[in-house]
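The values are calculated or read from the model by the stated rules, or taken from the named source; none is laboratory data. Predicted model, so just to flag it, every value in this text is computed and none were measured. So basically every Cβ, Gly included, is an ideal-geometry build from the backbone, and we count neighbours across all protein chains shown.
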Amino acid sequence: MPLTPPTDATRRTLPVADRPAVVAYTRGLLRERRRDLAVVLVLHCLAAGVGLAAPALVGRLIDAVTGGTGVGTVDRYALALTAVVITQTALTWAARRASFIFGEALFADLREQFIRRAVRLPLSTLERAGTGDLVARTTNDVESLSYVARFGLPSLVVAVVSVVLTLAAAVWTSPLASLAFLVALPFIAPSTRRYLRLAGPGYLWERASYAELNSVAVETVEGARTIDALALGGERARRFDDRIGNAWNAERYTLGLRLRWFVPVEIGYILPSAVALLWGGWLVLDGRVSIGAAVAVVLYCRQIVDPLDELVSWLDEIQVGATSVARIIGIGEVPPDRTATGEVPDGDRLSAREVRYAYRAGHDVLHGVDLDLRPRERLAIVGPSGAGKSTLGRLLAGIDGPGAGSVTVGGVPLVDLELDLLRGEVALVTQEHHVFVGSLEDNLLLARPDAGEADLWAALAAVDATEWVQALPQGLATAVGSGGHALSEAQSQQLALARLVLADPHTLVLDEATSLLDPRAARHLERSLGAVLQDRTVVAIAHRLHTAHDADRVAVVDGGRIVELGSHDELIAAGGDYAALWRSWRDER
């Protein structure tokens, strides 16, 4: 049974652009580089035009020899052929050089535009999409597009120009003998039309299968400890095998399309030469064309095979590239998750009213949460795993908008603020962090580009990072990130917290922000942060209850609701859930 793409082969969270959008985007790119493209086309036209002179000269030489010409004429034709070969070689070199430069410049434009689109993706959408699809787009699709932009477009230009000019030269030489080219159409045209109709969905299936495979691989690696602890190895292996099977079927399908396309196309390459030889011979015998013209047309039939084959081969790669373009520019079609109204908060008070939130429709994680944060207070949010603490923290930081109710700062909903303004009001720091490639100073300046060296050292001192930064080979100038000086998990987290100090928002949401430090170091770090951030509102989500002990108030979250709210002493005296958590945590210590 032949394979067909499943109906959900292109199911995805991140969108894929349609063909008109791809065409419009490609036209826009080429329009920006139209001068470079014009140079490429002119050089290739000249190279192809000079190359077409060789069969014509051979045909005339044959006619001249048949007519009894002398050695001098033959020598002149030989010199002319030599000049043609040398000129064509020089023009081809210049044309290909210009093509490669054009391809590199075009790919640079594509890559820069992709990065600009990717960094504008709403964080909420990105996290729901998972890592697999975006990783596939930034690796497989970008690599495929790189190959097409650097080599495919130049080669395609060469092939198209060569095919068109070769056909024109053959018709100019002998319109009657050139009819032999028509025998290729029944073999090339229908098979190519069928391939182009089916290739798009097939390659979308193939690319989507890569994304799913990447997603399962990344999730399995990142959750290796959990998988081992819960004995889920067999289930993950079955899921991985299923994704591999889907990718294999997708590869089989697209390979089958190519095989069924290439066979008739190859026949279409061979037939014109054979027919031109027979048809041209009959025309010569009938006195309709000269033997030189017939030979020239046969040579043109042979000469057109290589550019036509290259055209067909790159047409396949162009289909892959077009699919990659659709996936890459598709991320620009992700709708914004918020619409700024231009309102400016009146004060720093953060409030949540009747907040409900669901990751899946009909399955609320938060159920009517009400919370008022007092300016410059320390609020600790505690509760069992899965209670909704981190979800509430994300809403308080404006990462997601509530499904119902509102989260406001200074009376303005967080989702109504421009992102730059929002991050100046509220910032979220989680246990996840990233060290960017560059110097340590560059990493810190991401939070505040205008910060001076004294500001950087003050931020590092605030998070107890001064000692190890001073011990680095080049201090702040030390290269870190991939390929640079390796930072420990604790140091990376301190760097992230130092960036937070530099960003200077009035409200901070710390979601297990010190979880990768040992308890003693975390305790010291939190105290340091408390001293530095004494004029800011801090929401700390933590399992380590010493954070709650030091807080002004504690909110206990269970089942998506705030079940207790008060100071540490008040909740201990109440003898409720918090008191039980405190006793359990203290006994474990």
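Would you confirm whether or not the stretch 224-233 contains a residue that is touching a residue at least 24 places away in the same chain (Cβ under 8 Å) and more than 31 Å from the chain's Cα centre (by Cα)?
Residues of the stretch 224-233 touching a residue at least 24 places away in the same chain (Cβ under 8 Å): none.
No, every residue in the stretch 224-233 fails to be touching a residue at least 24 places away in the same chain (Cβ under 8 Å) and more than 31 Å from the chain's Cα centre (by Cα).
Can you report the number of residues in the stretch 25-39 which are more than 23 Å from residue 91 (Cβ to Cβ) and loosely packed, with under 13 Cβ neighbours inside 10 Å? Write out each step before concluding.
Of the residues in the stretch 25-39, the ones more than 23 Å from residue 91 (Cβ to Cβ) are 25-29, 31-32.
Imposing the further condition that a residue be loosely packed, with under 13 Cβ neighbours inside 10 Å reduces the set to 27-28, 31.
Counting residues in the stretch 25-39 that are more than 23 Å from residue 91 (Cβ to Cβ) and loosely packed, with under 13 Cβ neighbours inside 10 Å gives 3.
Of the residues 276, 224, 237, 229, which is exposed (fewer than 12 other Cβ atoms within 10 Å of the Cβ), farther than 22 Å from residue 199 by Cβ and hydrophobic (A, V, I, L, M, F, W, C)? Even if it seems obvious, please write down each step before you answer.
Numbers: 276 fails: exposed (fewer than 12 other Cβ atoms within 10 Å of the Cβ); 224 fails: exposed (fewer than 12 other Cβ atoms within 10 Å of the Cβ); 237 fails: exposed (fewer than 12 other Cβ atoms within 10 Å of the Cβ).
Step by step, each of 276, 224, 237, 229 is checked, and only 229 is exposed (fewer than 12 other Cβ atoms within 10 Å of the Cβ), farther than 22 Å from residue 199 by Cβ and hydrophobic (A, V, I, L, M, F, W, C).
Table: residues versus (1) under 30 Å from residue 42 (Cα atoms); (2) touching a His at 6+ places or on another chain (Cβ under 9 Å).
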| residue | (1), (2) |
| --- | --- |
| 152 | yes, no |
| 161 | yes, yes |
| 164 | yes, no |
| 170 | yes, no |
| 203 | no, no |
| 212 | no, no |
| 215 | no, no |
| 230 | no, no |
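Looking only at the stretch 1-45, filter to residues that are at pLDDT 75 or above and hydroxyl-bearing (Ser, Thr, Tyr); which one of those is farthest from residue 163 (Cα to Cα)?
The qualifying residue farthest from residue 163 (Cα to Cα) is 25.
I'm checking my understanding of the structure. Among residues of the stretch 420-446 that are of a type in the set (Gly, Ala, Ser) and closer than 30 Å to residue 341 by Cα, which one is modelled with the highest pLDDT?
Let us first name the residues in the stretch 420-446 that are of a type in the set (Gly, Ala, Ser), namely 424, 427, 438-439.
Next, from what is left, pick out any that are closer than 30 Å to residue 341 by Cα: 424, 427.
Details: 424: 74, 427: 80.
Selected residue: 427.
Could you tell me which residue of the stretch 172-217 is nearest to the chain's Cα centre (by Cα), considering only residues that are among the aromatic types (Phe, Trp, Tyr) and over 17 Å from residue 313 (Cα atoms)? It would help to see each step written out before you state the result.
Taking the stretch 172-217 as the starting set, the residues that turn out to be among the aromatic types (Phe, Trp, Tyr) are 172, 181, 187, 195, 203, 205, 210.
Then drop every residue that is not over 17 Å from residue 313 (Cα atoms), which leaves 172, 181, 205, 210.
Working: 172: 48, 181: 43, 205: 17, 210: 13 Å.
Filtering first and then ranking leaves 210.
Condition first: surrounded by 15 or more Cβ atoms within 10 Å (Cβ to Cβ) and either of a type in the set (A, V, I, L, M, F, W, C) or in contact with a Leu (Cβ under 6 Å, 6 or more places away or on another chain) (or both). Now tell me which residues in the stretch 341-369 satisfy that.
Listed by number, the residues that qualify are 350, 352, 355, 356, 357, 358, 365, 366, 369.
Could you run through the stretch 402-431 and say how many residues are under 33 Å from the mean Cα position of the chain (by Cα) and either surrounded by 20 or more Cβ atoms within 10 Å (Cβ to Cβ) or farther than 14 Å from residue 392 by Cα (or both)?
20
Here is a yes/no grid of residues against (1) of a type in the set (S, T, N, Q); (2) modelled with pLDDT of 80 or more; (3) more than 16 Å from residue 559 (Cα to Cα):
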residue	(1), (2), (3)
317	no, no, yes
356	no, yes, no
361	no, no, yes
376	no, yes, yes
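When residue 325 is evaluated against the numbered criteria (1) under 30 Å from residue 16 (Cα atoms); (2) β-branched (Val, Ile, Thr); (3) surrounded by fewer than 22 Cβ atoms within 10 Å (Cβ to Cβ), which criterion, by number, is the only one it fails?
The one condition residue 325 does not meet is (3).
Write out, first by first residue and then by second, each pair whose Cβ atoms fall under 9 Å of each other, whose residues are 6+ apart or on separate chains, and whose first residue, in the stretch 187-206, is assigned by TED's automatic domain parsing to the domain that holds residue 141 and at positive phi while the second is of a type in the set (A, V, I, L, M) and buried (at least 20 other Cβ atoms within 10 Å of the Cβ).
none
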